[in-house]
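Input: a single structure, listed below in structure tokens.
The values are calculated or read from the model by the stated rules, or taken from the named source; none is laboratory data. Treat the numbers as computed from the prediction; the structure is a model and nothing was measured. Backbone-built Cβ (ideal geometry, glycine too); neighbour counts: all protein chains shown. All accessible areas refer to the heavy atoms of the entire protein, side chains included, with ligands and DNA or RNA removed. Shrake-Rupley method; radii C 1.70, N 1.55, O 1.52, S 1.80 Å.
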Amino acid sequence: MADFLTNLREVEEEGAEVIGSAATLDDLENARIEYLGRKARLTQLLRQLPELPVEERPSAGAEANTVKRRFQDLLESRSAEIRAQSRAREAPEFDPTLPARARWRGARHPCTLVINEICEIFREIGFVRARGPEVETPDYNFIKLNTPLDHPATDEHDTFYLPGGLLLRTHTSPVQARVMEKTEPPIRIVVPGMCYRRDPFDASHAPAFEQIEGLAVDEGITFVDFKATINYFVHRFFGADASTRFRPSFFPFTEPSAEIDVSCLLCGGDGCSACKGTGWLEIMGAGMVDPAVFENVGYDPERYTGFAFGMGPARIAMLRYRVPDIRLFYEGDVRFLEQFAPA
Ligand code: DAH
């Protein structure tokens, strides 16, 4: 029995070593034959069992079987290791059979397209781009624009107020005052930028939206200059067939004030669902700069006159690209935005 166990331990140690260090599946198969095959020493040891005294046979047999199972386990785990290693070695760095991925096509946002086009039309007739802060003071957003703080437009339902008495500008008009305070006339600017209002986010309103402000100030600017400039712009932007309509309106910072309509792009003025049967689409608010605004920025209202306008590029983009819901502009869905990529 003692000899039997000594031989068994020897075989076990040697076999475990050989199986564990097999480098290939062939090596492993050889090790299996050598340690578990018919002629293996372990098999021979098992065959010697009947020669042992009867009472020793069960425990000797159990020992031998444990070794046999250990070999089998070792063979299995080593085989898995070798296969994993060779898979890793054989895997190519990239799979040349994979189909190519479509490339994302970047596109300018439709509102940016409209802003650039509008600014370019005005640039050609002498207007430069100006910018102003989106976080404003009530002074610039309202008071300097002849809008007292008890005016309905300042109602907190329309304005996002920030801590410290600041607010998010509700229009780009405050940039008029900022530019006039720093610059002597003549002034011709267009001011694109974001504005914020506590409006519901629905098909025709967004709480954050673009505006383009325009301002021209000089000696001798008249309503004729105002009308001619707007008409020129509308023809350039909407086409020679487009007509304009100036509707009397009210803004605190212009006198007289107008809302300007363009003949409906879809029906040409006959009346359709886009223009609610009127044949007209509103595109901007505008007017002659109120003398009170000039006084507020330190200009002599006796000497200078001017006109101003404000329009919404998103609304205009809706008309131009036939987009039925303004929210599409602000959801950042690439499937929508991609469509504005140049062909
Ligand atoms: N600021 C106005 C608005 O947000 C739009 C506007 C109207 C701008 C008349 C102007 C203007 O410059 O003259 O509704």
Every residue from the range 42-58 that is in contact with a Lys or Arg (Cβ under 8 Å, 6 or more places away or on another chain) and more than 15 Å from Asn7 (Cβ to Cβ): Pro50
Tabulated pairs, the range 105-125, first of a type in the set (D, E, K, R), second open to solvent by 10 Å² or more (accessible area, probe 1.4 Å), C-beta under 6 angstrom, 6+ apart or interchain: Arg105/Glu338; Arg105/Ala341
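Okay, residues lined up against (1) free of Cβ contacts under 8 Å to residues at least 40 places away in the same chain; (2) touching a Lys or Arg at 6+ places or on another chain (Cβ under 6 Å); (3) within 30 Å of Phe209 (Cβ to Cβ):
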position: Val11; (1), (2), (3): no, yes, no
position: Ala16; (1), (2), (3): no, no, no
position: Tyr35; (1), (2), (3): yes, no, no
position: Ala60; (1), (2), (3): no, no, no
position: Ser77; (1), (2), (3): yes, no, no
position: Arg103; (1), (2), (3): yes, no, no
Selection from the range 301-343 of residues that are free of Cβ contacts under 8 Å to residues at least 24 places away in the same chain and touching an Asp or Glu at 6+ places or on another chain (Cβ under 7 Å): Pro301
Any hit, the range 179-202, residues being surrounded by fewer than 16 Cβ atoms within 10 Å (Cβ to Cβ), touching a His at 6+ places or on another chain (Cβ under 9 Å) and farther than 23 Å from Ala292 by Cβ: yes
Candidate set from the range 228-267 (those that are over 17 Å from Ala317 (Cβ atoms), open to solvent by 40 Å² or more (accessible area, probe 1.4 Å) and aliphatic (A, V, I, L, M)); member that is nearest to the ligand (Cβ to nearest atom): Ala228
Pair list, Cβ under 7 Å, 6 or more apart: the range 200-226 residue within 14 Å of the ligand (Cβ to nearest atom), other residue open to solvent by 60 Å² or more (accessible area, probe 1.4 Å) and assigned to a strand (DSSP E or B): Ala216/Arg188
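Suppose we filter Leu42, Leu113 for residues that are at pLDDT below 85 and of a type outside the set (Phe, Trp, Tyr); which single one remains?
That would be Leu42, the only listed residue that is at pLDDT below 85 and of a type outside the set (Phe, Trp, Tyr).
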Residue count for the range 151-178, restricted to those that are away from the ligand (no atom under 12 Å from the Cβ) and aliphatic (A, V, I, L, M): 4
Whichever residue in the range 78-110 is touching a helix residue (DSSP H, G or I) at 6+ places or on another chain (Cβ under 9 Å) and within 30 Å of Ala343 (Cα to Cα) and, among such residues, is surrounded by the most Cβ atoms within 10 Å (Cβ to Cβ): Pro110
Leading residue by the ranking (nearest to the ligand (Cβ to nearest atom)) among those in the range 268-321 that are surrounded by 23 or more Cβ atoms within 10 Å (Cβ to Cβ) and more than 26 Å from Thr112 (Cβ to Cβ): Gly287
